[in-house]
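Undergrad: I'd like to ask you about the structure that follows.
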Amino acid sequence: DFLPPVVYQYLKCIISNSFTALQTNVSIVIEEFESCLNTNEIFEAVQTYLGSQCISSARVLKLSKPNNFKNLTFTMSTDQIVEDTFEGFKVKWSSHCVEKNISMGGYSRSLENRYFKLSFHQKYKEKVHSSYIPYINEVAQRIKFKNKQRKIYTNKSLEEGRRYGLWSNVPFSHPSTFDTLAIDPVLKKDIKADLTKFVQRSEYYNRVGRAWKRGYLLYGPPGTGKTSLIAAVANFLEFDIYDLELTAVASNSQLRKLLISTSSKSVIVVEDIDCSLDLSDRVKEQNVEVNNTEDEANSIKCNRRVKGTVSLSGVLNFVDGLWSSCGGERLIIFTTNHKEKLDQALLRPGRMDKHINLTYCEIEAFKMLAKNYLGINKHHLMKEVEVMLPVIKMTPADIGEIFMSCDEDADLGMKKVLEKMVSLKKIVDSKLHHGIQVEDAVED
Ligand SMILES: Nc1ncnc2c1ncn2[C@@H]1O[C@H](COP(=O)(O)OP(=O)(O)OP(=O)(O)O)[C@@H](O)[C@H]1O
């Protein structure tokens, strides 16, 4: 009070500078809101990270269950301090809350602004910037992804005959996994390896300039596990599913809108593609250009618009990744019972990267079903089943149904299945006897 203001300021400045020079710690402040109420993503990341990493050292934690999360989550309460260790050095985190004036649209408003303060020795400044902060972000994304309640989205109308045009969703929890799936073990291993490679190759797709997406075509008779495989894939990757019903999409532009609104880390499924798309329209379009007059060409195109259906070229654009891979990785799966009906354009590599044939039940798949449904690894009737399986055609769905009806009674299950096989074989034999070709007889 006795010093003249100029002298006071001068002395204050000298003292403060000397203390700063002596100080070895530096701090980073991470606020919840940036100006104009924009949430600060790194604040959320730190909050998630600290909630998971520092449970043991914080004295007060907040427990909550956000709407979209499967699990309970911890967050650090205000005025807490925790320590963390990264690559051999220590950092200190503290959480605070202050009133902050934020201006919005010409007027200002005061609100609670939480912030985290990260303190560490200045010699680690570079490491904190280049490694620790990105590491926190990465861990937080991983935790968020793991915690997120997965969903299955559909664009199908709940009311019959009405075009829905938007995604509606419900939580996704299908029990099918690669362990419960009865398919050839070599194929199973191959699919799992392909999926694992795909999700780890973000850098690679970037480098070669390709959209980060992969197309699968699942084909085979009904009941061989196409839908079950899709559920197993989504569970394996922990992705959401978008069940796209093409007949409920009014136009190519609506298809585009639907695809843009899908999230990354998702499986987009089009079941029974041969039934949902007029696959001859590409041929029509080509013929139109070569043979028909402009009027006729227009009338066909208008017709299609009146029908309001998606064209093959719309679907090709979608699989080419133009509209389906804005952002992160996406798997596109088509299923069909009739691969031969599909347009070659749809089948070429790059569009359908992997063609997966799901066949009638073979012995390895049968053993898996017996293990899952009846809890057995071997049985004295297994040899007979092995002889019968290539002769008759039974799907895993058929066999599963019989096993289900036997209430886990292994002997009864095996006996019933074998009886069914014997009766099917008799039918096949009688048809052969009447001169029907082997393939047709079995197929019938
Ligand atoms: N390979 C399989 N492994 C385990 N279970 C299977 C398998 N295939 C079929 N199932 C059982 O049969 C039922 C029907 O199978 P799913 O719907 O997956 O067949 P699909 O090939 O998709 O048939 P569709 O072509 O008619 O849609 C499923 O509920 C599942 O329990």
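Undergrad: Please go through region 112-124 and give me each residue that is touching a residue at least 60 places away in the same chain (Cβ under 8 Å) and surrounded by 13 or more Cβ atoms within 10 Å (Cβ to Cβ), ordered by number.
TA: Asn113, Arg114, Tyr115, Phe116, Lys117, Leu118, Ser119, Phe120, His121
Undergrad: Pull out all pairs, ordered by first then second residue, where Cβ-Cβ is under 6 Å, the residues are six or more apart or on different chains, the first lies in region 326-345 and is closer than 17 Å to Asp243 by Cβ and in a strand (DSSP E or B), and the second is within 16 Å of the ligand (Cβ to nearest atom) and charged (D, E, K, R).
TA: Hits for this filter: Thr335/Lys226; Thr335/Glu271; Thr336/Asp274.
Undergrad: When the residues of region 419-437 are filtered to those that are of a type outside the set (Gly, Ala, Ser), over 47 Å from the mean Cα position of the chain (by Cα) and in a helix (DSSP H, G or I), which remaining residue is modelled with the highest pLDDT? Can you show your working first?
TA: Step one: filter region 419-437 for residues of a type outside the set (Gly, Ala, Ser), giving 419-422, 424-429, 431-434, 436-437.
Now drop any that are not over 47 Å from the mean Cα position of the chain (by Cα), which leaves 432-434.
Okay, now just the ones that are also in a helix (DSSP H, G or I), so 432-433.
Working: Leu432: 74, His433: 71.
Checked region 419-437; the qualifying residue modelled with the highest pLDDT is Leu432.
Undergrad: Go through (1) without any contact (Cβ under 8 Å) to a residue 40 or more places away in the chain; (2) exposed (fewer than 14 other Cβ atoms within 10 Å of the Cβ); (3) touching a helix residue (DSSP H, G or I) at 6+ places or on another chain (Cβ under 9 Å) one by one and return the number of the condition Val60 breaks.
TA: So the condition that Val60 fails would be (3).
Undergrad: Now for a different question. Considering region 179-221 alone, what residues qualify as being within 16 Å of the ligand (Cβ to nearest atom) and touching a Lys or Arg at 6+ places or on another chain (Cβ under 6 Å)? Spell out how you get there, then give the answer.
TA: The initial filter retains those residues of region 179-221 that are within 16 Å of the ligand (Cβ to nearest atom), namely 179-192, 216-221.
Across region 179-221, the qualifying residues are Tyr216, Leu218, Tyr219.
Undergrad: So, of the residues in region 231-271 that are closer than 20 Å to Leu342 by Cα and under 18 Å from the mean Cα position of the chain (by Cα), which turns out to be nearest to the ligand (Cβ to nearest atom)?
TA: Only one residue fits best here, namely Glu271.
The values are calculated or read from the model by the stated rules, or taken from the named source; none is laboratory data. Keep in mind that what you see is a predicted model, and the values were worked out from it rather than measured. We place every Cβ from the backbone using ideal geometry, glycine too, and count neighbours over all the protein chains shown.
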